[in-house]
Amino acid sequence: DILINNAGIGYFFGPLIEMTQEKWDAVQGVNLRGVFFGIKHAARHMIPQGTGGRIVNIASKAAKTGSAFTSAYTASKHGVIGLTRSAALELAEHSITVNAVCPNHITTRLGAWQNDFMSKARNLSVDEYLAAMRERIPLGRTGQVEDVAAACAFLCSDEASYITAEALNVSGGEEQH
C-alpha cells in the first residue's frame, strides 16, 4: 500500500509512548480498514460472477516481525495477515483466493522517509542505515517495486490457483516464516 491520505507519512513511525489515539486510529484506518473494505467490495463483485477470483493484499515484513518505533504500523500489518487468512477461509467456497505479500523495505516515497527517520533514530547516516539493512538481507540488496509486482502477478495467475490464506515473503531471505 502507499500512504496517500491526510494522515501524513509521519503517523506511521514514532515512539510508542508518544503515539496518540488519533495517530493510532489513522494508521489502522489506512492499513487495516482500507484492506477490509477492499476485500469486502472485491468479493461482492466476484461472487455473483461465479468464476472465482484473486485478492492480493500488501502487508509488510512488519506483519511478521516487530521493530522499534513502528508499533501502530506493525500492529496494522499483523492485522492484514489475520484478515487475509480469515477472508480466504470465507471466500474459498466461491473459488476466490486471498493472499498477502510481505515485502521488506522498498524505497518508495514512504520508504525514503523511513530511511531518514530510522537512520536518525539510530544515530546513523542514511547510507550507513541502508548498508546495515543490506547486510541483514541474504541476497544483499533491498527490494524493488518490480519484486513485489512479480509476486502479486504470480498470486493472480492460474499457477497459484491452489494457494490461499498465505503471506508470501518478498524479502531477499531476510524474513523466513
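Data overview
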item: Calculated FRET efficiency for the pair Ala153/His94, C-beta based, R₀ 25 Å, to 0.05; result: 0.70
item: Against the rule of thumb 2.2 N^0.38 Å, how large the Cα Rg of segment 35-95 comes out; result: 1.29
item: Reachable aspartates and glutamates from Lys61, criterion Cα separation under 20 angstrom, eight or more residues apart if same chain; result: Asp1, Asp116, Glu135, Glu146, Asp147, Glu166, Glu174, Glu175
item: Cα Rg, Dmax, the chain, angstrom units; result: 16.9, 55
item: Gap separating the Cα centres of segment 125-163 and segment 35-97, nearest whole Å; result: 19 Å
item: Ellipsoid equivalent to segment 120-167 - semi-axes via the Cα gyration tensor, in Å; result: 33, 11, 9
item: DSSP-assigned coil residues among chymotrypsin sites (Phe, Trp or Tyr not before Pro) in segment 127-169, each with at most 13 further Cβ atoms within 10 Å; result: Tyr162
item: Kyte-Doolittle mean at least 0.0 and Cα axial length at least 24 Å: DSSP H helices in the chain; result: 71-91
item: Net +/- balance of residues flanking Lys40 in space, Cβ distance below 14 Å, scoring K and R +1, D and E -1; result: +1
item: Size of charge dipole - segment 85-131 - debye, nearest 20, with Cβ of Lys, Arg +1 and Asp, Glu -1, no other charges; result: 140 debye
item: FRET efficiency for Leu124 and Glu18, using Cβ-Cβ distance with R0 set to 30 Å, rounded to 0.05; result: 0.90
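Read the figures in this text as sums done on the coordinates, not as results from a lab. In this text, all values refer to a predicted model and were calculated from it rather than measured experimentally. In this analysis, Cβ positions are derived from the backbone assuming ideal geometry, glycine residues included, and neighbour counts consider all displayed protein chains.
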